[in-house]
Structure formats: C-alpha cells, structure tokens
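Taking it in order: structure first as structure tokens, then the write-up.
The values are calculated or read from the model by the stated rules, or taken from the named source; none is laboratory data. Here the structure is a predicted model, which means the values were calculated and not measured. Because the Cβ atoms are built from the backbone with ideal geometry, glycine has one as well, and the counts that use them run over all protein chains shown.
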C-alpha cells in the first residue's frame with residue numbers, strides 16, 4: 001500500500017464524517033433559528049430606528065418582517081434537513097443521498113460554514129461514477 005492510499009478515506013468512512021458534519025450543522029442552524037426568533041423584537045427596533053427619514057417607513061417595516069420570518073423559516077428548515085440528512089448518511093438509508101443534496105443546496109446561502117459543507121456535499125454526492133456512466137452509455141446504445 002502506498003502512502004497516498006493510506007491518506008484516502010474509504011467511501012463509508014467519508015459518508016460517516018459527512019453525516020456527522022450535517023448533524024452538527026443542523027443543530028447549529030436550529031440554535032440560530034431560535035436566536036433569530038428570540039431577538040426579533042430587538043431586530044425590529046434596530047431596523048425601525050433606521051427608518052426615520054424614509055418616505056414610507058411602514059411598507060419597509062412590513063417587508064422587513066416578511067424577510068425576517070423567511071430567514072427564520074429557512075434556518076429551521078436547513079437545520080431539520082441537516083439533521084435528517086446526517087442521520088440518513090450515518091445509517092446508510094436509501095434517501096440519504098437525496099436528503100443530503102437538498103440540504104447542501106439550501107445551505108449554500110449560509111456563509112462560511114453552510115457554503116463549505118454544501119459545496120463539499122455536492123462534490124462528494126453529485127458526480128456519477130465511471131461505472132454508472134458506462135452503464136448509461138451502454139443502455140442508450
């Protein structure tokens with residue numbers, strides 16, 4: 001065995017590590033959603049303080065509430081999907097790949113941790129292997 005072979009992770013070990021990362025990320029996103037919810041009053045006051053010279057502050061405040069609620073929902077959904085994807089990857093469930101890909105795409109907007117984990121998930125789980133490509137080309141012929 002060469003020194004390069006010992007550095008490579010086996011696919012099962014790689015998926016276990018990815019699953020653990022998704023569980024940690026999911027818990028962090030749920031904590032973030034809870035913090036956003038708990039500090040919504042403070043965020044409203046801080047945003048409202050900026051609106052004293054705006055022609056229509058009530059419309060902007062309504063838009064702020066919609067966007068803030070969307071951020072809370074996105075954080076909660078990413079957290080739940082992250083935990084589900086992590087558990088599915090650890091147990092080897094059939095839906096693990098699809099759940100992890102959906103969680104990876106949704107987490108791309110969370111810089112830096114979500115972007116890093118989402119890109120890594122897409123790189124690991126999205127590409128087709130050579131055998132799958134050969135099988136598809138033989139079926140098409």
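List of remarks:
- Checking 62, 70, 43, 85 one by one, the residue that is assigned to a helix (DSSP H, G or I), modelled with pLDDT of 95 or more and within 13 Å of the chain's Cα centre (by Cα) is 85 and no other.
- The single residue among 74, 60, 50, 81 that is surrounded by 11 or more Cβ atoms within 10 Å (Cβ to Cβ) and closer than 12 Å to residue 26 by Cβ turns out to be 81.
- Verdict on residue 18 being farther than 19 Å from residue 80 by Cα and assigned to a helix (DSSP H, G or I): no
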